[in-house]
Every structure is written in C-alpha cells, then in structure tokens.
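The values are calculated or read from the model by the stated rules, or taken from the named source; none is laboratory data. Everything quoted here is computed from the prediction, not taken from an experiment. Ideal geometry is used to build each Cβ from the backbone, glycine not excepted, and the neighbour counts take in all protein chains shown.
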Amino acid sequence: MLAMARSCAVVGLEGALIEVEVDLAFGLSAFAIVGLPDAAVNEAKDRVRAAIKNSGCTFPFKRITVNLAPADLRKEGPVYDLPIAIGILLASEQVVKHEQIEGALFLGELSLDGSVRHTNGVLPMVSLAREKHIKTVFVPAIDALEATLVEGIEIYPVETLRQLIEHLNGSVLIQQYKRDASLLNIEEMYSGQNMSAVRGQEHVKRALEVAASGGHNVLMSGSPGSGKTLLARSMPSILPSMVIEEALDVTKIYSVSGMLSSDVPLVRQRPFRAPHHTISHAGLVGGGRMPRPGEISLAHRGVLFLDELPEFGKNVLEVLRQPLEDKIVTISRAQGSITYPANFMLVAAMNPCPCGFYGDPVRECTCSALAITRYQKRISGPLMDRIDIHIEVPRVDYEKLADKRNVESSVTIQMRVQQARERQLQRLQATGLTCNADMGACEIQEFCGVDSGGEKLLKAAMQQMHLSARAYHRVLKLARTIADLANSDLIAANHVAEAIQYRPRIQG
C-alpha cells in the first residue's frame, strides 16, 4: 500500500517542500530510504522502528521503501523522522487517512521512546508552508513558540508520536498552539556593556556614534589597555533598535544554525559576534560539505568585532572584501550555490606594532621599523579602503579615569543615532535601503549634495591624499551621515572635514 506525508528541507535560509512517499510491499522484511539521504536520514530507519514499537503500534514486517522527493535534492538531518513514521502508519492503516494529513506539514526528530525532539530551521520551514498555502503544521512542542512567528498557520505542538497518532485518529485531539501577543515585541534594552563605563575617549565615542548612525565600518588602533575592546563591546548599545522585519531576518539565520533559545525564539537585540583570530575561512564566511552560515552571516544586521585584526590569517581577512561591498556572501559547491545575507558593521581593533607601544607617550616601542611595516602590511590596502572610519585610541590619563562625574550613557547617544537613522530611512524609502553605508554610486549622486565649500575641500583631499574612487564615495557617505546627525539637508564643509579626518593617514 502507498501513503504520502509532507515535510520540508532547508536550502540556505529557504525551505523546500519534500514529499515523503512510503510503499509497503509483500516480500522479505526490508527498510530502504531513497532520494539522496545523508547518514542522519538513513539512521532514521532504526529510530522510526523503535519509536513506532514503543508508541504501542505494530511495525509492519514487509518490504518498506521510503522515497524523499524531489530525488535530486540532498536531504540531511533528522527532521524526516516524524513524516516517515506517519507515512508507515498510514500505509499499514494504523492511522486513518483524512484531509488534515494531506494538507499538513510534519517536522520533527523521534527519540527511541517515541518523544519528538527539537529540529533546526523551523522558522524557514513554516514560512514555506505559508508560501505554499499549507494551513496546518505539526512541530515538536519545544519549537511551537518559534513556529508561531509566522502568521496564518495552524501550529500543533507534538510531544510524542503516540499523542500525534491519537490526534489523527480522532481519539484525543491536540490543542492548537496560540501565539503570545508579546512575542513580536522587540522593544528591549540592550543588556551588555554601556558607553557610560568608558572614561575619556570622547573623540572615539564620537566616531562610533557616526559609525552607528550610518552603518559604517570602523578600525580602532591604539596601545594595549586603552579601551578598544570595551568601546567595541559597547557598540550594540548605541545602535538603533531593530524593526520586526530585521528581527525575523536575523532569527531565520539563527534558527537554521540551531542557536535559538526555546524560551525566547525571536532575536530582539542586534547580534554582536566576536570570533577568535584562529577562526578558519569556512568559520568566518560559512561553508562545509553542506554549507552553513558563518560568523559574518550570524552578525547580519549587527556588529562583527575582529579584535587583534593583524593576527587573523591573511586569506581569512581577504574573503571579507566582497561581503563588505555586496552585503551578501555566496558559497559555491559542486551541488550548487547558496547565498547568505551578510549586512554587518565591521568593528576592528589593532595595535600599531607587534609590541603595541609605537607612538605611545609613556612606554617606548621596542620594534624595528621593518617589523612595524611588516605588521601593518598584514592588512591589505583594498581591505583598509573598505573601512570608512580609522580612529586612534590613545592612552587614558589618570584624571579622566578617576573622574567621578557622570558620563553620557548609551541611551542618550542611541536617541541621536535613532533620529539620524529615521532621516535616512525616510530619504532612502524608495530605494529599499536602510542606512547611508548601503548606498551605491547612483544613490550617492542623488542624495549627497555638497555645498561649494565642501566641494573645494573634497577636491583638495582627492589630490593630496590620493583617494581612490571607492574612498571618495565612502567619504561622501560618511559626510552624509555627519550631516544627518547635525540635522542638515546639505553636506557642508565642516561635515566633509570631519569625514576626511577619519581616513587613514598611512595607507597599507
């Protein structure tokens, strides 16, 4: 007898509908799964057999063939356990066939005792159900809260296979899971570091405020202990709050990566990722045999902090070039290409030399000129050119550290940043962009009007600093952000001057 149940695969960040076809035939007892299954899917045979027996049902001793269609799409993970079990029970007539099964999606891993376990990627799978006009989805009970992030779908939380069998047979019905009204409330204060903890460094805070307002990349250089890491970790506290569309984008990435909390399935705060400098190429941009999101995608809509930037492998750093420009990363394998979003703010920190004290007024540098040059050249010119703000972080004096006066908090700075972002959103509404850093050449030409004094200053800077075309556009975008903070429609000479001072004094 033939039966069919629907499930879902995740390709990149999108769902793909899978039809689980089960055929029971007379002959020697056998269990085969076809349709490009990986090891985890093949192992479903033993999990499904034990779960069916331990749920009080009879496992049919026939020739069982399970086909996961379409057959040319690679299947991975244990998400197909539940639909395979339902297909076998349907084919052996232990579950009554009716319309709810035909129009439903089944997701979940089975334990040997029949309980249903957590599955990664529930959010994109349920999103696919809405696109395909599937009204009913059966999910593990632990993932029901995440599944309700998608509107218009009937979510049924399944704790055990036995419970689902009784529901489908009409004996004991599972109650539909209702969404909590506060689930999509993303108004939440950042709980990490606060700018009020940083003493002194007012000019660095100003640079970070400009960066947060326009989504610009930052490189901080200074001696050890000057506060670079503390400033970077305080950066998310001054970023504007995410809108619900951004929160769902980030949540989808974390859902596929298996990094969501079952209690709070919506990512409410902008991500802050700080990988160690020993990270691999695949760990940073994503990859693997079946590609997974890397750190740059996990930092989408948030901050990617690279501490001790020159210590990262040269090949690892160079792969950042394309994502910094295009805001996406494409991973190509023999089976095909997968594109992940990577619209992040790069915040990097480095010492000026191997010992860290080159240019320090207190401690003498022990590095040779050749060692300093070699250290600084670990970061290539093209990568440096993609960083909008280069700022030096000096040693903090005792008087500033011991000062007991209140320091401006992140809340106050965030209010100014939020106002600047709202101006940008209103200006860029027709383009679909969200901040000045996302603007291309066409948007720069349309929205970055400069007065006569600013144009003279730009021309002089191009000639004296030998700016590339990319650097020229980045100076304009930065000046546009500074003008937005000043509530100015036109970019003035003082806005251009501040933007120019953030360019590196020594290239490479």
Check your understanding: Taking the range 367-383, which residues are hydroxyl-bearing (Ser, Thr, Tyr) and in a helix (DSSP H, G or I)?
Key -> 373, 375
Review point. Quick check: is even one residue across the range 147-164 among the small types (Gly, Ala, Ser) and assigned by TED's automatic domain parsing to the domain that holds residue 59?
Key: yes
Exercise for review: Look at the range 437-484 and say how many of its residues are among the polar types (S, T, N, Q) and closer than 20 Å to residue 346 by Cβ.
Suggested key: 2
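If you check residue 503 against the conditions, is it of a type outside the set (Val, Ile, Thr) and within 27 Å of the chain's Cα centre (by Cα)?
In short, no.
Check 202, 246, 209 and return the single one that is among the charged types (D, E, K, R), in contact (Cβ under 8 Å) with a residue 24 or more places away in the chain and closer than 26 Å to residue 500 by Cβ.
209
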Check your understanding: Are any of the residues in the range 362-372 out of contact with any helix residue (DSSP H, G or I) (no Cβ under 7 Å at 6 or more places or on another chain), surrounded by fewer than 16 Cβ atoms within 10 Å (Cβ to Cβ) and under 21 Å from residue 385 (Cβ atoms)?
Key -> no
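Quick check on residue 215: is it surrounded by 23 or more Cβ atoms within 10 Å (Cβ to Cβ), touching a residue at least 40 places away in the same chain (Cβ under 8 Å), among the small types (Gly, Ala, Ser) and not assigned by TED's automatic domain parsing to the domain that holds residue 12?
Against the criterion (surrounded by 23 or more Cβ atoms within 10 Å (Cβ to Cβ), touching a residue at least 40 places away in the same chain (Cβ under 8 Å), among the small types (Gly, Ala, Ser) and not assigned by TED's automatic domain parsing to the domain that holds residue 12), residue 215 qualifies.
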**Study point:** Residue match in the range 182-191 (condition: surrounded by 22 or more Cβ atoms within 10 Å (Cβ to Cβ), more than 29 Å from residue 137 (Cα to Cα) and small (Gly, Ala, Ser))
**Key:** no
Practice item. Answer yes or no: is there a residue in the range 258-272 that is surrounded by fewer than 16 Cβ atoms within 10 Å (Cβ to Cβ), farther than 22 Å from residue 217 by Cα, small (Gly, Ala, Ser) and under 17 Å from the mean Cα position of the chain (by Cα). Key: yes
Practice item. Please go through the range 441-451 and pick out each residue that is aliphatic (A, V, I, L, M) and outside any helix (DSSP H, G or I). Key: 450
Point to revise | Subset of the range 487-497 (residues that are in a helix (DSSP H, G or I) and either under 28 Å from the mean Cα position of the chain (by Cα) or surrounded by 19 or more Cβ atoms within 10 Å (Cβ to Cβ) (or both)) | key: 495, 496
Exercise for review: Scan the range 452-486 for residues that are part of a loop (DSSP other than H, G, I, E, B), touching a residue at least 24 places away in the same chain (Cβ under 8 Å) and either within 30 Å of the chain's Cα centre (by Cα) or within 13 Å of residue 210 (Cα to Cα) (or both) and report the count.
Suggested key: 0
Exercise for review: Filter the range 373-399 for residues that are more than 30 Å from residue 316 (Cβ to Cβ) and surrounded by fewer than 13 Cβ atoms within 10 Å (Cβ to Cβ) and give the result.
Suggested key: 397, 398, 399
Exercise for review: Could you please find all residues in the range 1-20 being part of a strand (DSSP E or B) and either without any contact (Cβ under 8 Å) to a residue 60 or more places away in the chain or surrounded by fewer than 20 Cβ atoms within 10 Å (Cβ to Cβ) (or both)?
Suggested key: 2, 4, 11, 14, 16, 17, 19
Study note, to complete from the structure: Counting only residues that are closer than 20 Å to residue 33 by Cβ, β-branched (Val, Ile, Thr) and surrounded by fewer than 24 Cβ atoms within 10 Å (Cβ to Cβ), the range 74-100 contains a total of 1
Review point. If a residue has to be out of contact with any Pro (no Cβ under 9 Å at 6 or more places or on another chain) and assigned to a strand (DSSP E or B) to count, how many in the range 23-53 make the cut?
Key: 8
Check your understanding: Among the residues of the range 330-345, is any surrounded by fewer than 19 Cβ atoms within 10 Å (Cβ to Cβ), under 26 Å from residue 240 (Cα atoms) and over 14 Å from the mean Cα position of the chain (by Cα)?
Key -> no
Point to revise | Residue list for the range 419-440, filter: under 21 Å from the mean Cα position of the chain (by Cα), in a loop (DSSP other than H, G, I, E, B) and over 16 Å from residue 473 (Cβ atoms) | key: 432, 434
Check your understanding: Among the residues of the range 396-414, is any in contact (Cβ under 8 Å) with a residue 12 or more places away in the chain, within 30 Å of residue 256 (Cα to Cα) and outside the structural domain of residue 501 (by TED's automatic domain parsing)?
Key -> no
**Study point:** Count of the range 470-484 residues which are modelled with pLDDT of 90 or more and surrounded by fewer than 20 Cβ atoms within 10 Å (Cβ to Cβ)
**Key:** 2
Review point. What number goes with the only condition from (1) surrounded by 24 or more Cβ atoms within 10 Å (Cβ to Cβ); (2) modelled with pLDDT of 95 or more; (3) not hydrophobic (A, V, I, L, M, F, W, C) that residue 113 does not pass?
Key: (1)
